[in-house]
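To start, the structure under review is shown below, and the notes come after it.
The values are calculated or read from the model by the stated rules, or taken from the named source; none is laboratory data. Note that the coordinates shown come from a computational prediction; the quantities given were computed from them, not determined experimentally. When we count neighbours, we look across all protein chains shown, and the Cβ atoms used for this are built from the backbone with ideal geometry, even at glycine.
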Amino acid sequence: MINYDVLVVGAGPVGTTFARYMALNGFKVGVLEKKKEIGVPLQCAGLLGKQLKKVNPLPDELIINQVYGAYLHSPSNHELKVSKNETQAYVLDRVGYDKFLAQLAVDAGAELFLNHRVKDVDIKKGQVYMGNGKEEMSAKVIVGADGYNSLISEKISNESNQTSKQVQAAQFLVNFKKDLFNTNYVHLHVNAVLSPGFIWIIPLTEFTARIGLFGNNDYHQLNNILKDFLNHNTNYGEYSILKKYYGIIPVYNSKKKLVNNKCFLLGDAAAQVKPTTGGGLIMGFKCAKIAADITSKALDNDDMGSLTDYESEYQNKFKKELNMQLRVQNLFKTLSDNDLDYMFNKLKEKGAEKIISEYGDMDSQSPLIKELLKTDLLFTILPKILSRRITSLWK
């Protein structure tokens, strides 16, 4: 049996970031990945907020575009433009970025095992069993960074009886026959059918874009919604779908247990995902650092019981923001297309584009909501019943 200080199940970007931190701290780290190739297939829109460079290395050659703002579209295509004079997000080569982070972990001393599917885990003994039924590894700490369908989460949930809901996502890589896009802006389209999900358009070039959506629909329905969207938008003209992608987004659950015995969860396995956008990579990177600091102390002191500090610190840092986003998401579920159109028109009429541009942030919506409440803007544009619902977000 091969013994490690830490075994990370899953070589996604959050898992390999944690592995890198632990290896740099001098621990023996193994990373087990069921796929034969890191990052394939693509399962992300690849749009990351500007905080990314503060929480993890990002080579310039993996940045496809720098985004300064967004066009927000209502069901009837009423439009709000929000932007700033500096970069707000990066459009990434996500497959390349995942491989880059995995290589950083290997360079730091972590051992990466591709094509290693974990079949079973004993979270009390710290033992991991491979899919071939023969290979076995052990560790003082086992980390579940194995995505939305996490085996480690299942093991923890069996004892805590806490599971996470999921929504599905689909994305097309689309090439258009004519020059359509300003690559400095993304487009977001909302409607009652998808709400609280939405359609995104993320330009890669003036002719090519990632166009996707998430919502409470199955993959077949999502594909049909995307095709209808492309076919009924008269501005697009002829197009060809170069690739299709599919993904699952876990739904944030404030009651989900993240630590049990010698195991804990990171990233999608922990449902560390923003309710409003379905993204979670920057939060995952921050959680990887929190977890690495606490795990290093636990190993140094031979005190695995202190791993629970990771869950406490995660909740202290993110729970308030995530719960607020969850309430906003639940509110949007109640809005009809007419409600959304009315809201867009009034927001534009009242000059909200300037406020959203100043206070809006991909990774933290609390400052914007607070500012809209402080200026009484929401109360002047929404029906009283909706205003009461928004006020309840802060009770």
Practice prompt. Could you grab me the full set of residues in the range 283-326 that are crowded, with 19+ Cβ neighbours inside 10 Å, touching a helix residue (DSSP H, G or I) at 6+ places or on another chain (Cβ under 6 Å) and at pLDDT below 95?
Written response: 324
Worksheet, complete the sentence: When the range 232-260 is checked residue by residue, the ones that are assigned to a loop (DSSP other than H, G, I, E, B) and in contact with a strand residue (DSSP E or B) (Cβ under 9 Å, 6 or more places away or on another chain) are 236, 237, 238, 251, 256, 257, 258
Worksheet entry | Residues satisfying the stated conditions in the range 232-250, i.e. over 19 Å from residue 196 (Cα atoms) and either out of contact with any helix residue (DSSP H, G or I) (no Cβ under 9 Å at 6 or more places or on another chain) or exposed (fewer than 14 other Cβ atoms within 10 Å of the Cβ) (or both) | 232, 233, 234, 235, 237, 238, 240, 242, 243, 245
Item to complete: Please verify whether the range 73-95 includes one or more residues that are closer than 24 Å to residue 260 by Cα and among the small types (Gly, Ala, Ser).
Response: no
